[in-house]
Amino acid sequence: MLIIGESSSTRTEWTLCDGNRIVEHAFTTGLNPYFQTRREISHSIRLELPEAFFRRRWSHVYFYGAGCGTADKCKIMESSLVAQFKTPCTVQSDLLGAARGLLVREPGLVSILGTGSNTCLYDGNEVVKNVRPLGFILGDEGSNAHMGKQFLSDVLKELAPREIIDEFYDTYQVTANSLLEEVYSNTLPSRNIAKYAFFLKDRIDNPYVHELAYNSLMLFFRRNISQYDYAENPISFVGSTCVNFEGILRDVAADFGAKIAKVTKYSMPGLVEYHDDTASPS
């Protein structure tokens with residue numbers, strides 16, 4: 001039996017698997033070694049996961065996470081996982097997890113559109129090309145964080161429609177000053193900003209909201225998808241943004257000349273299938 005974990009900056013999905021059978025399934029808050037220390041990560045794992053995940057040593061832990069794109073960040077995550085599960089662990093990027101989860105062993109183009117955004121060309125086992133996502137400050141176009149950041153800026157500069165601004169302040173019971181404090185003092189800024197995209201999702205028929213989401217997604221295609229052979233490779237998407245704004249995403253893809261193969265919120269079922277077929281750690 002093995003554990004598979006897949007994490008964005010917002011939430012982590014966990015499964016305890018026996019072959020292709022899921023024995024236990026749980027969600028915890030997101031884990032990201034760019035924003036959290038080893039101790040904070042360990043604390044979250046131990047306190048938020050059900051006790052069933054700690055009953056004994058398992059054969060292996062496979063973890064795919066946001067922020068796990070470099071050896072030093074993977075080491076932070078691996079140390080936390082080994083300390084909690086007392087089991088050999090393999091830590092890899094959330095992008096590889098998305099690719100294996102979406103396509104299992106088939107090659108193709110893959111995109112994460114959730115709290116952040118990322119893209120890759122996948123050969124059926126590994127990522128062979130990746131346009132740097134650059135995070136929510138320099139990149140993450142099309143993501144919840146990107147839309148949330150643009151929306152908050154429009155609210156604070158009073159560029160959004162008055163009725164949207166008033167409804168926003170009424171919904172969240174915040175002020176301009178408390179918003180600025182919240183954004184600039186938060187240790188997990190992308191997660192904090194991304195949550196406001198869900199306010200937009202519920203008002204997608206508003207012309208301002210529709211235009212904001214369309215422009216963010218079009219920027220994602222122009223700055224990321226354009227660097228792949230998208231004419232020959234339909235794109236598979238995973239994440240909350242691609243599901244919440246699927247209609248606009250499909251319009252943008254059509255306008256851009258790209259084809260969409262799949263849109264799903266979770267890729268864990270494919271990861272379970274991938275690792276059920278894997279004889280050795282990968």
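The values are calculated or read from the model by the stated rules, or taken from the named source; none is laboratory data. Nothing here was measured: the structure is a model prediction, and the numbers come from that model. Here the Cβ is made from the backbone with ideal geometry for all residues, glycine too, and neighbour counts use every protein chain on show. Please note that ligands, DNA and RNA were not included when accessible areas were found on the heavy atoms of the full protein model with its side chains. Shrake-Rupley method; radii C 1.70, N 1.55, O 1.52, S 1.80 Å.
For the range 73-162, please report how many Lys pairs fall under 25 Å Cα to Cα, leaving out neighbours fewer than 8 apart on the same chain. Number of lysine pairs found: 5. Computed from Cα positions, the angle between helix 246-256 and the longest principal axis of the chain comes to roughly 80 degrees.
Can you work out the PRE-style zone for Ala26? Point 7 Å along Cα to Cβ, and I want the residues of the range 43-83 with backbone N under 11 Å. Answer for this model: 44-55. The H on the amide N of Cys89, modeled in the peptide plane, is under 5 Å from the matching H of Val61, each at least 5 residues off or on a different chain. The listed residues Phe54, Phe237 rank as Phe54, Phe237 when sorted by accessible area, largest first, using a 1.4 Å probe.
Straight-distance candidates among the lysines for linking to Lys265, with alpha-carbon spacing under 17 Å and chain neighbours fewer than 8 residues away dropped: Lys195, Lys201. With labels modelled as points extended 7 Å from the Cα through the Cβ direction, what inter-label distance (nm, one decimal) is found for Val82 paired with Lys157? My value for the distance between the label points is 4.8 nm.
Listed by chain and number, the aspartates and glutamates placed with their C-alpha closer than 12 angstrom to that of Lys262 are Glu246; residues fewer than eight positions away on the same chain are left out.
Taking θ as phi - 60° and the Karplus parameters 6.51, -1.76 and 1.60, the scalar couplings of the range 66-73 work out to 4, x, 9, x, 10, 4, 5, 6 Hz in sequence order, x denoting glycine and proline.
Put His146, His25 in order of accessible area, highest first, and with a 1.4 Å probe you get His25, His146.
Using only Cα atoms, tell me the angle between helix 38-48 and the longest principal axis of the chain; keep it within 0 to 90° and round to the nearest 10. It works out to around 90 degrees. Taking θ as phi - 60° and the Karplus parameters 6.51, -1.76 and 1.60, the scalar couplings of the range 28-33 work out to 10, 5, x, 10, 8, x Hz in sequence order, x denoting glycine and proline. Extension gain for Glu211 to Ser59 (0.36 nm times residue separation, less C-alpha to C-alpha distance): 49.8 nm.
Measuring nothing but how far apart in sequence close Cα pairs (under 8 Å, 6+ apart) lie, relative to its length, the chain scores a relative contact order of 18 percent. Amide H contacts of Tyr266: Gly239, each under 5 Å away and 5 or more positions distant or on a separate chain (H built 1.01 Å from N in the peptide plane; Pro and chain starts excluded). Magnitude of the charge dipole for the range 83-148, about its Cα centre and with charges confined to Cβ atoms of Lys, Arg (+1) and Asp, Glu (-1), is about 200 debye.
Computed extension length for Ile165-Thr37: 42.5 nm, one decimal, from 0.36 nm per residue of separation with the Cα-Cα distance subtracted. Applying the criteria of a DSSP loop state and at most 16 other Cβ atoms within 10 Å to the trypsin sites (Lys or Arg not before Pro) of the range 31-109 yields Arg55, Arg56, Arg57, Lys86, Arg105.
Taking a point 7 angstrom from the Cα of Asp72 along the C-beta vector, which residues in the range 33-53 have backbone N less than 17 Å away? It comes to 33-39, nothing else. Based on alpha-carbon centroids, what's the gap between the range 211-233 and the range 68-112 in Å, whole number please? Going from one Cα centre to the other spans 25 Å.
Compute the angle between helix 94-103 and the longest alpha-carbon principal axis of the chain, please, reported from 0 to 90 degrees and rounded to the nearest 10. With both axes taken from Cα atoms, the answer is about 80 degrees. Distances between placed amide hydrogens fall under 5 Å for Thr12 paired with Thr28, Thr29, Gly30, all partners being 5 or more residues away or on another chain.
With all pairs of separate Cα atoms included, the chain yields a Kirkwood hydrodynamic radius of 19.5 Å.
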